[in-house]
Structure formats: C-alpha cells, structure tokens
Amino acid sequence: MTGANLLDQPETLLPPEPEVIAALSRTGSRGIPEVVAAYPTSPLAWATLADAAHAEGRTLESYAYARVGYHRGLDSLRKAGWRGQGPIPWSHEPNRGVLRALYALRRAAAEIGETDEVERLTAFLNGADPSVINRFEHEHTETQVIRVVTPGGGRHSSPASPPGTDPAPPTEAFVIRGDN
C-alpha cells in the first residue's frame, strides 16, 4: 500500500460558509458574538470567537468557545459523511473552521493543563491533516512587531498577524490607544 491515505478513506469536504465569512469580514472583534449568534452552527464563527478571546488573554472563555466550535464541527463533519476518522484536508478552505476550532481547543486545553485532551486533539488533528498543527504553529502564530508611538513619545511593541497568511477571516486583533 502506498500513499498517505492507507485506509483508503474518502476525504471529508465541508460545504462553504460564504455568509459567515462575509459577516466576519465586516466586523471587528467586538462584533464576533453577533456573528456567532446569527450563525450558531458554524464552527468557523465559534473558532473565530475562541481566537478573539484567546488574543485578549481570556483562556477559559477561549476554551469554552472552542469546545462549542469543536462540537459544531463534529456535527458538520458527520453531516458531510465523516465516520469518526479520515482525512479532513486543510487545502479545502471550508474545512478550516473545524480545524481552527480543534486547534483552538487544543491550545486552550494545554494552557489549563488538560494534557489528556491535548494528546487526543493532537491525534485528531494529525489524523485529519498532518500539516495542520505545524501550519498553525509556524504560519498562523508567527508575529511581526509593530512599533507604536504613544502619547508623550513612548514606544511599545504590539504583535500582529502577518498579512496574507490565511484567506479565512483574521482571528487576532490588537488595539492602539491614545491620541495621534
């Protein structure tokens, strides 16, 4: 037997969510809860909310939002014919919401010490698409430093996501406070 799919299981390909993507692209981080309320079955909406909470240092909220995204993702996968295992490729853009929710849950679980859950989610992500964890840890969490001049001439650094790294809506934000 050759190839990456040794069990010859078909790839699970979720349907697109253009309304969710459009709604997320029109809102800032404060508007994400309204998008989730409008599209409560969307794993992408929940993953985006989990990422926003995480970016603000709200780990337990991020965990809870990611947990809902994970369950909504399982619902979506099963509806698309997934039987509990098999490839869920990142290359198929509509799959990214589920994969992002899984990664967000894994990240938050690690931060609160849920090692068994981290191991289980690592196995799940590796079984879905072996490139996903590496992709998130290298492509989607790399930061560039932006120098911000504050009132009074002080400087500080703020992380920002590199432009153009993911066609899905951004999930991290930063705020610049002060007068120009």
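The values are calculated or read from the model by the stated rules, or taken from the named source; none is laboratory data. Since the structure is predicted, the reported quantities are computational estimates derived from the model, not experimental observations. Note that we place each Cβ from the backbone using ideal geometry, even for glycine, and neighbour counts take in every protein chain shown. For accessibility, only protein heavy atoms count, side chains too; no ligands or nucleic acids. Shrake-Rupley method; radii C 1.70, N 1.55, O 1.52, S 1.80 Å.
Residue count for region 81-108 satisfying the condition of being over 14 Å from the mean Cα position of the chain (by Cα) and of a type outside the set (D, E, K, R): 10. Scan region 25-67 for residues that are under 13 Å from the mean Cα position of the chain (by Cα) and either in contact (Cβ under 8 Å) with a residue 24 or more places away in the chain or open to solvent by 50 Å² or more (accessible area, probe 1.4 Å) (or both) and the total you get is 17.
Considering the conditions (1) among the hydrophobic types (A, V, I, L, M, F, W, C); (2) over 19 Å from ALA50 (Cα atoms); (3) at pLDDT below 95, ALA168 is excluded by exactly one of them, (2). Remark: pairs (first residue in region 84-107, in contact (Cβ under 8 Å) with a residue 60 or more places away in the chain and of a type in the set (Lys, Arg); second residue open to solvent by less than 30 Å² (accessible area, probe 1.4 Å) and in a helix (DSSP H, G or I); Cβ separation under 6 Å; 6+ apart in sequence or on different chains) = ARG100/ALA47. Among the residues of region 107-125, those that are of a type in the set (D, E, K, R), under 17 Å from THR59 (Cα atoms), part of a helix (DSSP H, G or I) and open to solvent by 40 Å² or more (accessible area, probe 1.4 Å) comprise ARG107, GLU111.
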